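First the structure, in the form of structure tokens, and then the observations on it.
The values are calculated or read from the model by the stated rules, or taken from the named source; none is laboratory data. All figures in this text were calculated on a predicted structure; none of them were measured in a lab. Using ideal geometry, Cβ is built from the backbone for each residue, glycine included, and neighbour counts are taken over all protein chains shown.
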Ligand code: ADP
Ligand code: MG
């Protein structure tokens, strides 16, 4: 049956900024026991800024910014935008990158001013036998222990330094997560970012379960694994990366501030891009369905 109560529920949701694709969505919402949360852009603002540059000995800081910035200027990733912006501010206009390629979940590669440049995870550089020196590696570990995201930069066969970008937790995330827990739900943080950064953010917002260093194509597998364990899973995300996982979840919730791909793959859009709306959605479905019975 599709009782009027469900339609009233979806209408009520719309007033609260919770756009529900169909009345039946409220049914799946009620059964959810696990909420998988994407980190960047969902729990955090996703608006990162370049906060630190550390170079290997003999490397010119402005050159590192120029080459890395030029490459990142061609990428839409929030990390890339922060780097391109910071680099422009300090090093001026950036040259164009050629042969640009995105290495999914790892970084970017391309040619700038005739140099073959890599920017991304340390493991991406390691694939090309480029390794950070001890001092830079120590600076990287320190920044990561502070919850910051560090990407490595290399060109012409050598690691040249790191760029530190910092993202901030949305002011409402901590409160929303404690409310999810109070409703009996288990939040799980899911991210492609490294485990140290992920854990730091998790501690900040009160999440106990973390799945980090997950490739974009594997996010969907994490959701499927939880489902095989008998969990009824809601997934909240914002990125193109999150779309398959949002579709796989029993309930997909997209940040209204996120990408079209995420919104299309989801059952619910949280217009305000605020995790507290996810709590509103779950409360609403419980209330709506309890009035039907
Ligand atoms: P998330 O799951 O948190 O949204 P992604 O899966 O998009 O993160 O990326 C995982 C990691 O890959 C990032 O934390 C970063 O280290 C690296 N990475 C991805 N894209 C880029 C890029 N354009 N520039 C630098 N590093 C990148
Ligand atoms: Mg994301």
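Laid out as a table, the results:
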| quantity | calculated |
| --- | --- |
| Selected residue [surrounded by fewer than 23 Cβ atoms within 10 Å (Cβ to Cβ), within 13 Å of ligand 1 (Cβ to nearest atom) and either within 29 Å of residue 251 (Cβ to Cβ) or at pLDDT below 95 (or both)] from 143, 202, 182 | 143 |
| Qualifying residue in the range 207-220 (condition: within 26 Å of residue 17 (Cα to Cα) and outside any helix (DSSP H, G or I)) | yes |
| Residue match in the range 70-89 (condition: in a loop (DSSP other than H, G, I, E, B), away from ligand 2 (no atom under 16 Å from the Cβ), in contact with a helix residue (DSSP H, G or I) (Cβ under 7 Å, 6 or more places away or on another chain) and closer than 26 Å to residue 242 by Cβ) | yes |
| Conditions (1) modelled with pLDDT under 90; (2) assigned to a helix (DSSP H, G or I): number failed by residue 23 | (2) |
| Residue among 114, 58, 11, 22 that alone is more than 26 Å from the chain's Cα centre (by Cα), without any contact (Cβ under 8 Å) to a residue 12 or more places away in the chain and under 17 Å from residue 269 (Cα atoms) | 11 |
| Residue within the range 152-161 that is buried (at least 17 other Cβ atoms within 10 Å of the Cβ) and under 20 Å from the mean Cα position of the chain (by Cα) present | yes |
| Subset of the range 226-249 [over 14 Å from residue 188 (Cβ atoms) and part of a loop (DSSP other than H, G, I, E, B)] | 230, 238, 239 |
| Residue in the range 87-95 that is in contact with a strand residue (DSSP E or B) (Cβ under 7 Å, 6 or more places away or on another chain) and surrounded by fewer than 18 Cβ atoms within 10 Å (Cβ to Cβ) present | yes |
| Where residue 269 falls short, out of the listed (1) within 12 Å of ligand 1 (Cβ to nearest atom); (2) under 18 Å from residue 180 (Cα atoms) | (1) |
| Selection from the range 25-53 of residues that are surrounded by fewer than 22 Cβ atoms within 10 Å (Cβ to Cβ) and farther than 23 Å from residue 250 by Cβ | 45, 47, 49, 51, 52, 53 |
| Only listed residue being in the same structural domain as residue 200 (by TED's automatic domain parsing) and either within 16 Å of ligand 2 (Cβ to nearest atom) or surrounded by 17 or more Cβ atoms within 10 Å (Cβ to Cβ) (or both), chosen from 125, 65, 19 | 19 |
| Residues (within 16 Å of ligand 1 (Cβ to nearest atom) and touching a residue at least 12 places away in the same chain (Cβ under 8 Å)) located in the range 218-241 | 219, 220, 222, 223, 235, 236, 237, 238, 239, 240, 241 |
